[in-house]
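Below is one structure; the comments refer to it alone.
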Amino acid sequence: MADPVGAGGLPPGFSLIVLDEAGSTNDEAARLALSGAGEFTLCQARRQTGGRGRQGRVWSSPEGNLYQSMVLRPRRRAAEVAQISLIAGLALTEAVAQTVGTAAAATVKWPNDVLLNEAKVAGVLLEASLLPDGTVGHVILGTGVNIAHHPAETPYPATHVQAYAPAATVTGIQAAFCGSFAFWYSEWQEQGFAAVRQGWLKRAWRLGELVRLRPGQETVTGRFLGIDDEGAMLLETADGVQRYTAGDMFGLPV
Ligand code: BTN
């Protein structure tokens, strides 16, 4: 049942709908967007029965974690929309870092996975609707944060926030994320990704280190030099500096 609640703790302009259960909050938010919901409408579910991650993966969604999707109507060009996922990764990292304090290190793994002491704690699923003329209709920003639980069987190490900050709450992390996201999103709308880049780099995982990237079927090894003013990854390889706009990044044993 839909339970519209006051958006206490959220930045001005946000509105929040909380569902006990959803298939995927991204689908619920897309429905809201199509019926005219405005920017910063948030749809949260206490649990999801069909939570999805990037690359067709399942996102395990038992009660106790944060699952939410935000309607956005960016004024920037369609080609820039993917940059929102880096902004969300940065904002999630800031929210988790603020919550755990010095108990663990929160970092963002390009482009948008959030790690806590090297294990994944949060992720971003961005889905955009482009209009026939190539402009952006709406964007759905889905975010999941493992707070009380993390899945046991993942192809990568996973963790949850309460493992380091037992008092962490869903509403506390939600408010921290929305505050940070509102700030960086406004910077991006006004000035573009260059205004976000330094903030992102401060939280970057393995910056300056040797890493592997799987942009497709192949694997590339190189030194992670950072990201450019469009959010693309810069990798110094044996063939020179290469620029990537998509891919899965992995560490090398240190
Ligand atoms: C990832 O693979 O890292 C992205 C995970 C995104 C999960 C969130 S939970 C809320 C929203 N609804 C979904 O079905 N997925 C996103």
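The values are calculated or read from the model by the stated rules, or taken from the named source; none is laboratory data. The structure displayed is predicted, hence computed values, not measured ones. A quick note on method: Cβ atoms are made from the backbone with ideal geometry, for glycine too, and the neighbour counts reach across all protein chains shown.
Filter the range 110-120 for residues that are part of a strand (DSSP E or B) and near the ligand (Cβ under 10 Å from one of its atoms) and give the result.
ASP113, VAL114, LYS120 - these are the residues of the range 110-120 that are part of a strand (DSSP E or B) and near the ligand (Cβ under 10 Å from one of its atoms).
Starting from residues that are hydroxyl-bearing (Ser, Thr, Tyr) and surrounded by fewer than 24 Cβ atoms within 10 Å (Cβ to Cβ), keep the ones in the range 72-105 and report whichever is farthest from GLY199 (Cα to Cα).
Among them, the one singled out is THR102.
If only one of THR49, THR41 is within 16 Å of the ligand (Cβ to nearest atom), farther than 23 Å from PHE193 by Cβ and touching a helix residue (DSSP H, G or I) at 6+ places or on another chain (Cβ under 9 Å), which one is it?
THR41
Within the range 144-153, can one find any residue that is within 12 Å of the chain's Cα centre (by Cα) and at pLDDT 95 or above? Working first, answer last.
Step one: filter the range 144-153 for residues within 12 Å of the chain's Cα centre (by Cα), giving 144-145.
Those left that are additionally at pLDDT 95 or above: 144-145.
There is at least one residue in the range 144-153 that is within 12 Å of the chain's Cα centre (by Cα) and at pLDDT 95 or above.
What residue, among those in the range 106-136 that are buried (at least 16 other Cβ atoms within 10 Å of the Cβ) and small (Gly, Ala, Ser), is nearest to the chain's Cα centre (by Cα)?
Among those that are buried (at least 16 other Cβ atoms within 10 Å of the Cβ) and small (Gly, Ala, Ser), it is GLY123.
Condition first: more than 20 Å from GLY64 (Cα to Cα) and within 15 Å of the ligand (Cβ to nearest atom). Can you find one or more residues in the range 190-203 that meet it?
No - not one qualifying residue is present in the range 190-203.
How many residues does the range 154-178 contain that are within 14 Å of the chain's Cα centre (by Cα) and of a type outside the set (A, V, I, L, M)?
3
Of (1) hydroxyl-bearing (Ser, Thr, Tyr); (2) near the ligand (Cβ under 10 Å from one of its atoms); (3) more than 26 Å from ALA30 (Cβ to Cβ), THR102 satisfies all except one. Which?
Unmet for THR102, out of (1) hydroxyl-bearing (Ser, Thr, Tyr); (2) near the ligand (Cβ under 10 Å from one of its atoms); (3) more than 26 Å from ALA30 (Cβ to Cβ): (2).
Looking at GLU118, GLU153, GLU127, which one is over 22 Å from ALA194 (Cα atoms), without any contact (Cβ under 8 Å) to a residue 12 or more places away in the chain and either touching a helix residue (DSSP H, G or I) at 6+ places or on another chain (Cβ under 8 Å) or of a type in the set (Asp, Glu) (or both)?
Checking each option against the conditions leaves just GLU153.
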